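Below is one structure, written out as structure tokens, with a few remarks after it.
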Amino acid sequence: MGNYLAIVGRPNVGKSTLFNRLTQTRQAIVEESSGVTRDRHYGHSYWNGKEFIVIDTGGYVMGSEDIFEEEIRKQVALAIDESDVILFIVDVKDGVTPLDEDAAEMLRHSKKPIFLVSNKVDNSKLMAYSNEFYSLGLGEVYNVSAMNGSGTGDLLDDVVKEFKDDAPEEDDGIPRFTVVGRPNVGKSSLINTLLDVDRNIVTDIAGTTRDTIYTEYNRFGFKFKLVDTAGIRKKKKVSEDIEFYSVLRSLRAIENSDVCILMIDAIDGFEAQDMSILRVIQKNNKGVIIVVNKWDLVEKGSNTHLDFEQKIRQKTAPFTDIPIIFTSVINKQRIHKTLETIHEVYQNRMQKITTSQLNNFLLPIIEATPPPMASRERYIRIKYITQLKTYYPSFVFFCNLPNDVKDPYSRFLENHLRKNYNFSGVPMKLYFREK
């Protein structure tokens with residue numbers, strides 16, 4: 001499953017800045033106002049040979065009248081429950097606050113490795129001020145400046161010692177299919193229909209499923225492990241109960257699956273939160289099918305499903321090669337079709353094409369439509385192509401000027417690969433390298 005590092009602390013102590021430094025991105029919003037990180041972010045990091053996932057949480061606030069800050073407090077409590085190691089960030093310029101004391105009290109009971117990090121220590125004078133944080137009873141205080149990076153190396157040296165070595169994942173050869181989507185779209189109902197048992201509680205309360213549940217399926221010639229996950233909730237209002245724990249569980253399930261069934265609600269349509277889930281699936285190079293549930297509730301016209309499908313593909317572009325199935329789980333419509341399609345996408349993701357096949361097919365196309373010239377006197381020449389030995393389809397194109405091949409031409413080549421070989425439902429990576 002990998003190691004998870006949660007960054008916790010009250011608002012505006014520099015959690016997002018530290019997250020950006022650890023993941024070397026700027027994806028968390030950084031702004032000088034309390035509680036601005038409304039979105040939880042997760043990113044991959046690597047230190048001293050250990051890979052881990054960093055979770056940037058919102059601020060930790062107890063007993064606040066502000067609903068938004070109360071929500072953040074709950075999410076952080078759940079993130080603490082899910083992580084392997086915790087960084088508790090305090091602000092050297094503010095000193096110990098009552099909120100820090102409340103947070104420290106909760107952290108002392110968490111039984112997880114805790115690293116107390118005094119942030120914004122930009123000079124040696126401020127280091128002396130950090131000593132007051134020893135009163136929180138969390139042991140050693142690490143002095144860092146997330147803004148300029150000082151002290152973060154020593155901190156990470158000690159953090160990664162707490163991570164468990166990843167045991168090689170058991171590969172029993174059985175495909176793992178994950179059901180993901182926003183709450184209340186019918187994920188548990190789909191699994192119940194497939195298994196013909198009510199082993200998951202199904203109610204109309206959004207977010208009932210709290211845990212990830214694995215079930216082996218072996219029927220009608222299909223054998224795989226089904227995964228039901230907690231719903232990923234839409235961020236509509238700050239007062240809405242956003243279940244970070246559920247999101248994190250879903251992310252873990254996506255990372256450890258082969259194909260994801262992204263369920264959406266036919267009445268609500270394909271929303272921004274569905275797109276966010278699809279991006280996580282793509283980022284992790286997993287196969288995907290989109291299942292539009294509750295199709296029985298939609299008024300039908302002559303082109304209803306074609307129009308609906310087109311709207312989805314417009315939103316998912318440029319990745320449009322995704323099977324879309326319209327179902328009514330409650331009426332057991334197209335359930336077998338869903339099974340067949342998941343299995344087909346799994347096979348698509350596993351397929352290997354020989355180097356000779358690839359070159360015989362693609363080189364004539366490249367010769368007929370070569371890449372645009374890099375400059376007036378620089379022609380890009382692609383010499384040959386081979387498929388990499390990754391667990392998802394990835395291809396390397398050896399050429400003289402790899403940095404000059406632009407995205408549109410890369411998509412042109414990908415489209416030809418998709419047209420000739422069946423990669424439906426599978427994200428694909430193309431690399432250009434110098435021979």
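Computed quantities for the displayed model
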| quantity | calculated |
| --- | --- |
| Candidate set: segment 314-338, residues that are of a type in the set (A, V, I, L, M, F, W, C) and crowded, with 19+ Cβ neighbours inside 10 Å; chosen: the one nearest to the chain's Cα centre (by Cα) | Ile322 |
| Residue that is nearest to Met263 (Cα to Cα) [pool: residues in segment 339-368 that are open to solvent by 40 Å² or more (accessible area, probe 1.4 Å) and of a type in the set (A, V, I, L, M)] | Met350 |
| Condition check for Asp307: farther than 23 Å from Val259 by Cβ and of a type in the set (D, E, K, R) | yes |
| Residue list for segment 148-161, filter: of a type outside the set (D, E, K, R) and either within 26 Å of the chain's Cα centre (by Cα) or surrounded by fewer than 15 Cβ atoms within 10 Å (Cβ to Cβ) (or both) | Asn148, Gly149, Ser150, Thr152, Gly153, Leu155, Leu156, Val159, Val160 |
| Single residue of segment 83-123 satisfying the filter (of a type in the set (Asp, Glu) and open to solvent by 10 Å² or more (accessible area, probe 1.4 Å)) that is modelled with the highest pLDDT | Asp94 |
| The one condition in (1) under 22 Å from Ser356 (Cβ atoms); (2) open to solvent by 60 Å² or more (accessible area, probe 1.4 Å) that Phe398 fails to fulfil | (2) |
| Segment 3-45: number of residues that are of a type outside the set (Val, Ile, Thr) and either modelled with pLDDT of 85 or more or surrounded by 16 or more Cβ atoms within 10 Å (Cβ to Cβ) (or both) | 23 |
| Every pair of residues 6+ apart whose Cβ atoms lie under 7 Å, when the first sits in segment 405-434 and is over 15 Å from Phe361 (Cβ atoms) and part of a loop (DSSP other than H, G, I, E, B) while the second is open to solvent by 30 Å² or more (accessible area, probe 1.4 Å) and not charged (D, E, K, R) | Val405/Phe432; Pro427/Gln282 |
| Unmet requirement for His416, which otherwise passes all of (1) open to solvent by less than 20 Å² (accessible area, probe 1.4 Å); (2) over 27 Å from Pro175 (Cα atoms) | (1) |
| Boolean, Ser328 is small (Gly, Ala, Ser) and touching a Leu at 6+ places or on another chain (Cβ under 9 Å) | yes |
| Hits in segment 333-356 (condition: more than 13 Å from Val426 (Cα to Cα) and aliphatic (A, V, I, L, M)) | Ile335, Leu339, Ile353 |
| Filter result for Ser424 (within 20 Å of Arg313 (Cβ to Cβ), surrounded by fewer than 20 Cβ atoms within 10 Å (Cβ to Cβ) and either in contact with a Leu (Cβ under 7 Å, 6 or more places away or on another chain) or of a type in the set (Ser, Thr, Tyr) (or both)) | yes |
| Residue within segment 391-409 that is modelled with pLDDT under 90, under 24 Å from Val259 (Cα atoms) and not small (Gly, Ala, Ser) present | yes |
| Count - residues of segment 353-369 that are touching a strand residue (DSSP E or B) at 6+ places or on another chain (Cβ under 8 Å), free of Cβ contacts under 8 Å to residues at least 40 places away in the same chain and within 17 Å of Asn415 (Cα to Cα) | 3 |
| Glu377, sole failed condition from (1) in contact with a His (Cβ under 9 Å, 6 or more places away or on another chain); (2) open to solvent by 80 Å² or more (accessible area, probe 1.4 Å) | (1) |
| Per-region count, segment 325-378, residues at pLDDT below 90 and acidic (Asp, Glu) | 1 |
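The values are calculated or read from the model by the stated rules, or taken from the named source; none is laboratory data. Just so it is clear, the model here is predicted, and its values are computed rather than measured. Here Cβ is always computed from backbone atoms with ideal geometry, including for glycine, and neighbour counts include all displayed protein chains. The area values use the complete protein model at the heavy-atom level, side chains included, leaving out ligands, DNA and RNA. Shrake-Rupley method; radii C 1.70, N 1.55, O 1.52, S 1.80 Å.
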